[in-house]
Each structure stands twice: as structure tokens, then as C-alpha cells.
1. So which of VAL86, VAL56 is at pLDDT 95 or above and in contact with a helix residue (DSSP H, G or I) (Cβ under 6 Å, 6 or more places away or on another chain)?
2. Filter the strands (runs of 3 or more DSSP E) completely within the range 114-181 down to those with at least 3 residues that are free of Cβ contacts under 8 Å to residues at least 40 places away in the same chain and either out of contact with any Asp or Glu (no Cβ under 9 Å at 6 or more places or on another chain) or exposed (fewer than 13 other Cβ atoms within 10 Å of the Cβ) (or both).
3. Determine which member of the set GLU51, GLU38, GLU75 is without any contact (Cβ under 8 Å) to a residue 60 or more places away in the chain, surrounded by fewer than 20 Cβ atoms within 10 Å (Cβ to Cβ) and over 25 Å from LEU173 (Cβ atoms).
4. Take the residues of the range 69-118 that are over 26 Å from VAL48 (Cα atoms) and hydroxyl-bearing (Ser, Thr, Tyr): which is nearest to the chain's Cα centre (by Cα)?
5. So if I check each of GLU43, GLU38, which one is of a type in the set (Asp, Glu) and within 18 Å of ARG158 (Cα to Cα)?
6. Name the pairs whose Cβ atoms lie under 8 Å apart, with the first residue in the range 17-31 and on the phi > 0 side of the Ramachandran plot, the second of a type in the set (Asp, Glu) and at pLDDT 95 or above, and 6 or more positions between them or separate chains?
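The values are calculated or read from the model by the stated rules, or taken from the named source; none is laboratory data. Quick caveat: nothing in here was measured; it's all calculated off a predicted structure. A quick note on method: Cβ atoms are made from the backbone with ideal geometry, for glycine too, and the neighbour counts reach across all protein chains shown.
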Amino acid sequence: MKNNDYYRTTSGGNAESYFFPRAGSSASTDTIYNMLDENVTCEGNTSVGTETGRTVIRIGMWDFSRNAIATKLRELADRKCWVDVVYTEMGGDVRSILGGHDRIQLYRISGSYIVHSKYMLIEGTYRGLRDTKWVITGSHNYSDQALREDDEALLRIRSATIHDQYRSNFWALRAAGVPQS
């Protein structure tokens, strides 16, 4: 018998792990949505983020089709966070939610290449801590199937060193991508 709800979290030190699938049908049971909704503040940084102290959210994703995450990212951009996404596949609703915002940049990897990575980088204020760097990575796509049906694992870690290594990867992916308007 298939079990579509063995969602668990564990933590130790500066890391927290999450295991899926997670039961539910609303944004309140969407782990990534909640990470953004409950933890990101867009202003107040002095040494990381943008030159004006804004928090930056960078996402490298194969499949991005969860509308709740896209809606939350747009709300954060409205609050002056910067959002930068490199992707291979993106649902039409997500594309229309994220498109056309001056603080959201989208880059598509296409052709014979894909983004197999699945990560989000947060540089700025997160969990009430200013000037921090976070990595949220694992096997988890931003799709309903990854959240509700698949056997997935996710790791959230606070580390400037690890963040900066992922950010270098992100910049290489973005340089290979095609800007989307």
C-alpha cells in the first residue's frame, strides 16, 4: 500500500532535513511556500544581498509548477526582495505569475541541456537573522508530485561557504540560460 504522507523533519546544528511526500492540498502544507512565507524579510541587510540591503532569492530548478510558491515569490518581489530563477520546465501558470516583474528575472535552459539541480539560495534576512546565507537543496522539484506523491529529501543549511559555492553554480547556469520576459 502506497503511503502519501510520511513527511518528517529532523535538525541538528545549522541544518534541517525534510522527507516527503507530505499530505495536504493547500499552501499551508507546502514546505517551500512556508519557508518563504514565514522566514523571508526583504530589507535590513548591511553586508549581503543587494547593494541597497535587499534579500536575494535564487532558484535553480528542473520543474517549477507550484503556483503557491510562485505567488509567494511575487509577493516577496513586491516587498522589494530580488528573485532570480533558472529552470528547465515551468508550468504556464507559474510563468505568468512570475513574468513581467522588475525584481524577478527568469532564465530558461533549453535544447539538449537541462537544470537537474533543485535548490534555492537565500542571501539576506531569513528566520529573523540579517546578513545570512542559506541553501535549501535536495531531490525536491517545485511540483505537486514532488510535494504530495514522490519520495523526496530536502536539506536546509545556514552556511556562507556552501551558499557561495552554490551561487557560483547558479551564475554559471544563468549565463547559459535564455532570459525570459
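1. Values: VAL56 fails: in contact with a helix residue (DSSP H, G or I) (Cβ under 6 Å, 6 or more places away or on another chain).
Checking each option against the conditions leaves just VAL86.
2. Details: elements: 118-126, 129-138, 152-158, 178-180.
Fully inside the range 114-181 and qualifying: 129-138.
3. On the way: GLU51 fails: over 25 Å from LEU173 (Cβ atoms); GLU75 fails: over 25 Å from LEU173 (Cβ atoms).
It is GLU38.
4. It comes out as THR88.
5. Details: GLU43 fails: within 18 Å of ARG158 (Cα to Cα).
Of GLU43, GLU38, the one residue that is of a type in the set (Asp, Glu) and within 18 Å of ARG158 (Cα to Cα) is GLU38.
6. Filtered contacts from the range 17-31: GLY24/ASP30.
Residue by residue, here is whether (1) under 20 Å from TRP62 (Cβ atoms); (2) among the acidic types (Asp, Glu); (3) within 16 Å of the chain's Cα centre (by Cα) holds:
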residue	(1), (2), (3)
THR125	no, no, yes
THR132	no, no, yes
SER139	yes, no, yes
SER143	yes, no, yes
THR161	no, no, no
TYR166	yes, no, yes
